[in-house]
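Since the structure comes first, as structure tokens, the remarks are kept for the end.
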Amino acid sequence: MICKAFVVAITFVATTFSVQAQSWLKEQIEVTTKNQLTRVMHSDALFMERWVSLPQPQFWRKIMLLPPDSCVVNVARTRQILATIAYSSWSKQTDSEKAATKAALRERFGIDSTESLFVTTGKKDFYRFHEVFPTLGEGIKIFEDHSVDPWYAQAILLIESPACLKKSISGAYGAFQLMPAVARRYGLLVNGSLDERANFAKSAYVAAQLLAQTCIPAARNMLNERGICYDENDLGFRLLVMHVYHAGANNVAAVVKKINFKASVMELIQTMWVTTAASFGNNSQNYSQLAIAAQWLLHDYIYSTCDEIRPCSGK
């Protein structure tokens with residue numbers, strides 16, 4: 001005999017997923033370029049919620065378009081750009097000359113001495129969106145097949161190791177930049193003779209499981225504990241999950257605890273950009289800024305190169 005409560009629970013879960021799947025489908029568009037059809041998640045929220053008006057995403061958009069032979073002197077906290085110079089010219093300067101250059105820029109723009117200045121090189125050679133674009137549809141489908149929000153597949157593919165299998169300093173590898181321990185936990189072989197993180201489909205599966213079992217629940221808990229309202233399909237919630245994927249739940253929890261206020265998720269994310277805690281430092285702060293900038297550039301790429309765009313017709 002099947003328990004009525006069990007049947008109700010199963011029905012609720014199935015209905016919830018069906019609603020989620022329909023919501024995800026509404027966010028998708030089918031893009032035709034040179035007779036090649038690719039399904040992607042649209043970027044409407046970036047513009048409707050004014051994320052693109054913020055200086056940090058604007059800064060990273062510029063960096064993603066800037067060739068590596070150029071660099072930008074900028075204010076670390078606000079990402080205000082003070083100067084764009086040739087990297088060869090900057091690298092030839094002595095430490096004292098670099099300090100003098102920064103001092104002159106501080107005086108010109110009225111920047112307080114307590115503000116740190118960064119010099120950031122162009123990353124156009126790394127963010128090759130035209131090469132990663134064909135893989136987005138496959139990543140989206142794999143995430144959907146495992147009942148995980150496909151927006152994350154697109155976001156991770158755009159910023160982690162776009163179109164290039166490189167191992168990070170920390171040991172992360174593959175299109176979804178998985179750490180060895182995480183890959184092994186979900187059944188991938190990672191040893192001296194074989195590294196299955198190089199397999200796109202297998203890496204996508206592991207990334208989806210990591211998000212579903214660890215990252216998304218952790219983000220929910222952080223917001224629930226502080227009584228912050230959220231919708232899991234909102235961009236703010238998704239960016240918080242991305243931070244967990246990159247920095248780990250404990251580090252994100254530490255910075256959220258340090259901020260310790262009840263506000264919108266969008267305000268929380270922006271405060272995280274200027275707050276450090278535990279191992280949540282500059283690279284962690286940048287992560288959601290990169291996600292926004294990459295989605296913005298994907299939008300520009302699609303609308304400047306495609307032959308046809310239409311709403312997604314379904315699986």
Would you please name the GluC sites (Glu not before Pro) within the stretch 67-164 that are DSSP coil residues with at most 13 other C-beta atoms within 10 Å of their C-beta? Glu115
What are the ³J(HN,Hα) values, in whole Hz, obtained from phi via the Karplus relation 6.51 cos²θ - 1.76 cosθ + 1.60 with θ = phi - 60°, for each residue of the stretch 148-159 in sequence order, with x given for Gly and Pro? 10, 3, x, 4, 5, 4, 5, 4, 5, 4, 6, 10
Would you mind counting up the charge near Asp69? Only other residues with Cβ under 10 Å from its Cβ, with Lys and Arg at +1 and Asp and Glu at -1. 0
For Lys141, list the lysines whose Cα falls under 23 Å from its own Cα; do not include residues on the same chain fewer than 8 positions away. Lys26, Lys34, Lys202, Lys315
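Taking K and R as +1 and D and E as -1, what net charge do the other residues with C-beta under 12 Å from the C-beta of Met272 add up to?
Numbers: positive: Lys257, Lys258; negative: Glu267.
After counting each charged neighbour, the total is +1.
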In the structure shown, do any of Lys62/Lys166; Lys62/Lys98; Lys62/Lys92; Lys92/Lys124; Lys102/Lys123; Lys124/Lys262 have a Cα-Cα gap over 29 Å, and if so which? Lys124/Lys262
What nm value, rounded to one decimal, do you get for the distance between Ala99 and Cys229 when each label is placed 7 Å out toward the C-beta? 5.2 nm
By the scheme Lys and Arg +1, Asp and Glu -1, what is the net charge of all other residues having a beta-carbon under 13 Å from that of Ala249? +1
Sparsely packed chymotrypsin sites (Phe, Trp or Tyr not before Pro) within the stretch 149-247, loop by DSSP, other Cβ within 10 Å at most 14: none
What whole number of Å gives the distance from the Cα centroid of the stretch 198-248 to the Cα centroid of the stretch 47-126? 30 Å
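Quick note: the coordinates plus some simple rules give every number you see, no bench work behind them. All values reported here derive from a predicted model rather than from experimental measurement. Cβ coordinates were reconstructed from backbone atoms using ideal geometry, including for glycine residues, and neighbour counts include every protein chain displayed.
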